[in-house]
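Notes follow the structure.
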Amino acid sequence: MFKYNSRIHKTPFGAVRTGEKVKIVFPVTHSIWVGEVKMLLSKEEWKQEVPLSFCGDDGNVTYFSCEFTLEEWGIYYYRFNVTEVSGEVHSVGGGDTGLAGENLPDWQLTVCASDYVVPKTVEGGVIYHIFADRFAKAGETVQPRYGYLKDWNDKVTVVDPDGSYRANDFFGGNFKGITSKLDYIASLGVTEIYLSPIFEASSNHRYDIGDYMKLDPLLGTEDDFRELIAEARRRGIGVILDGVFNHSGADSLYFNQLGHYDSVGAYQSRDSVYHDWYFFIEFPDEYHSWWGCKVVPTLNKSAAGYRKLLFGEGGVIEKWTKFGIDGWRLDVVDELPSEFVDELRSTIKKVDPKVVMIGEVWEDASVKFSYGTLRPYLTKGQIDGVMNYPFKEAILTFCMYGGPRAFGVKVMRIFENYPTDALNSSMTLIGTHDTVRVLNALSGVDVGYTSKGQRRDIVLNGDALSIAKKRVKMASVLQYVLPGVPSIYYGDEVGLQGYEDPMNRAPFPWGREDEDLLNHYRFLGEFRKKYREILLGGLDTWEQGELLIVQRYKDGKSVFAVVNPTFEDRLVVFRKQKNAKEVRDGRVLKSGDSMTVPALDFLLFESI
């Protein structure tokens with residue numbers, strides 16, 4: 001009855017800019033006699049009816065259309081009211097269901113500001129995510145101020161003898177170590193290195209920053225950091241820093257709970273110049289902290305002194321951005337007030353407009369609500385991209401359980417809701433320092449009744465490892481074919497294992513790499529480079545039985561992946577392609593030809 005599909009009948013598809021003309025074509029089959037069609041457009045409390053006019057008939061379907069522009073950025077929703085000649089009214093929605101009909105949700109229309117500019121700095125590249133203490137070490141090893149140093153091949157600590165976990169076991173990874181491995185990183189086709197926090201801190205993860213203006217001595221000096229940036233740049237690789245601005249360490253220059261710093265910290269005195277940087281409930285031991293974790297007290301983003309430290313002349317943002325970095329990844333950006341994010345953006349862009357801001361957002365960032373507020377990340381244009389966790393969940397769920405249609409719905413929702421430039425600058429990931437290692441996540445091994453210590457000692461092998469590796473290859477292919485910048489979490493490319501934090505942060509297994517996986521990732525790096533422009537173009541997904549097909553296209557050219565998540569070989573028939581060549585073995589197929597996709601495997605094609 002109603003055939004509206006926003007992927008086909010809305011021009012342009014996806015997000016639009018303020019002042020940009022939008023055309024809607026609404027098809028209705030001849031099963032009803034239409035008297036009137038209206039589009040109901042809304043944004044928060046604002047509502048408007050837009051009449052549609054008759055624009056054609058193909059003998060089976062009658063078409064109605066309208067054109068409009070919107071002058072305010074934000075998230076709009078729309079649906080249709082179809083009134084029959086008899087007077088009966090149909091309320092037609094569909095959302096991202098791929099269907100249209102009554103009792104379905106509204107479609108989303110993302111409208112971003114016309115002056116929202118995303119730099120092309122990371123677009124079309126590959127990101128390599130390094131947990132700084134655990135990737136590589138070289139030169140003189142510096143002893144930690146607190147905690148202890150382990151041998152490189154030791155296991156990570158998951159609990160201290162007293163039952164606590166202090167994250168104070170260090171392995172000595174440093175800037176010189178990363179610099180020494182730049183040729184290896186470049187061999188993966190990497191264009192950006194994203195470093196976990198590098199500023200002075202007490203823990204190995206360094207999300208409890210002690211001094212924003214100092215690099216952690218365990219990592220090296222400012223000269224070491226400059227050398228890393230320069231040598232990386234010489235290989236066409238930039239550096240992205242982790243900006244942790246929601247909380248500091250309790251052991252910090254500013255809070256100084258342990259008295260390790262030569263300062264009067266907020267914890268030590270109500271008269272401290274840092275006292276209003278924090279939120280005390282009952283001074284000094286009761287205070288707001290990130291998710292109740294007392295070692296990271298929440299910072300008051302309105303405190304004048306804190307804002308001066310970050311945004312002032314010679315402050316944190318200016319100092320480190322001027323080192324020549326390519327971007328900032330903003331930790332827990334949804335914990336930061338909106339106007340604070342605005343000032344972050346203006347300060348960063350004032351130093352260098354090409355520097356990108358990538359926010360840690362775990363949900364659909366276009367409709368992210370935090371503290372009762374709809375965040376304008378991708379509408380007002382506060383950030384340039386996000387960590388695309390919805391893609392991660394879609395990829396891993398499909399590779400584990402199948403469901404090509406559900407995968408397509410999840411992926412196309414993000415593709416439709418995000419501005420194209422922002423999506424192309426977002427991190428397409430399948431693992432991070434906050435998640436179970438992808439090899440473990442895709443193994444299917446049940447660890448539900450194990451302790452953390454037992455999980456640390458689990459080593460995948462045999463069939464479980466073989467199946468996990470095949471799934472990782474499928475997942476990484478989808479990661480590299482989908483929009484965004486593929487992000488490799490260090491060690492995933494060589495089969496590094498580990499369950500949740502801190503097991504997912506083991507040292508890189510130099511000398512024990514899985515060469516099969518490594519060669520696969522190097523192949524993907526070459527694939528990404530060769531088809532870069534096509535992979536910045538359009539997206540389509542469809543299914544043949546249990547097979548998933550993901551196609552990218554631009555200027556009449558296309559590449560597409562066919563992925564088989566089942567334990568049996570499946571036959572794919574080429575119906576949408578005239579001629580295609582399999583990327584790995586060069587086999588040529590014509591329309592109507594078929595090819596076997598092996599169990600738990602993939603095929604990659606280019607149009608010819």
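At a glance:
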read-out	value
Cα-based equivalent ellipsoid of the range 6-112: semi-axis lengths in Å, sorted from largest, via gyration tensor	23, 15, 13
Filter on K410/K473; K155/K322; K368/K452; K301/K380; K43/K301 - keep pairs with C-alpha separation over 26 Å	K155/K322; K368/K452; K43/K301
Per-selection Kirkwood Rh - the range 185-249 (Cα, Å, 1 d.p.)	12.7
P(r), alpha carbons of the range 203-295 - 10 Å bins starting at zero, rounded %	15, 40, 25, 14, 5, 0
Inter-label distance for R166 and D115, nm, one decimal - labels placed 7 Å from Cα along Cα-to-Cβ	5.1
Residue order, fewest to most beta carbons within 10 Å, for M400, M387	M400, M387
Debye log10 I(q)/I(0) at q = 0.27 Å⁻¹ for the range 247-300, Cα point scatterers	-1.04
Cβ crowding within 10 Å averaged over residues, with 118-128, 531-541, 239-249 ranked highest first	239-249, 118-128, 531-541
Centre separation in Å (Cα based) which lies between the range 523-569 and the range 229-246	30
Highest average packing first - 579-589, 203-213, 422-432, 223-233, Cβ atoms within 10 Å	422-432, 203-213, 223-233, 579-589
Proximal aspartates and glutamates relative to K354, as straight alpha-carbon distance under 16 Å, when same-chain residues fewer than 8 apart are discounted	D115, E123, E192, E318, D326, D384, D421
Extended-chain gain in nm, criterion 0.36 nm per residue less alpha-carbon gap, M400 and E363	11.3 nm
Radius of gyration, Dmax [the chain; alpha carbons; angstrom]	26.1, 85
Pairwise label distance in nanometres, F13 with R226, each label 7 Å out on the Cα-Cβ vector	4.9
Fewest-first ranking of S180, S443, using other Cβ atoms within 10 Å as the exposure measure	S180, S443
Additional length obtainable on full extension of the chain from T450 to L104, 0.36 nm per residue less Cα span	120.3 nm
Order of Y148, Y449 - criterion: other Cβ atoms within 10 Å of each residue's Cβ, fewest first	Y449, Y148
Kirkwood-based Rg to Rh ratio, the range 242-395, C-alpha trace	0.99
Simple spin-label estimate for L149 and F283 in nanometres, 7 Å along Cα-Cβ	4.1
Extension gain (nm, one decimal) between T29 and T69, 0.36 nm per residue minus Cα-Cα	11.7 nm
Ratio of the Cα radius of gyration of the range 124-232 to 2.2 N^0.38 Å, where N counts its residues	1.09
Cα-based equivalent ellipsoid of the range 538-607: semi-axis lengths in Å, sorted from largest, via gyration tensor	19, 13, 11
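Each value in this text was obtained by applying a stated rule to the coordinates, not by laboratory testing. This is a predicted model, so every value here is computed, not measured. Glycine also receives a Cβ, built like all others from the backbone with ideal geometry; neighbour counts cover every protein chain displayed.
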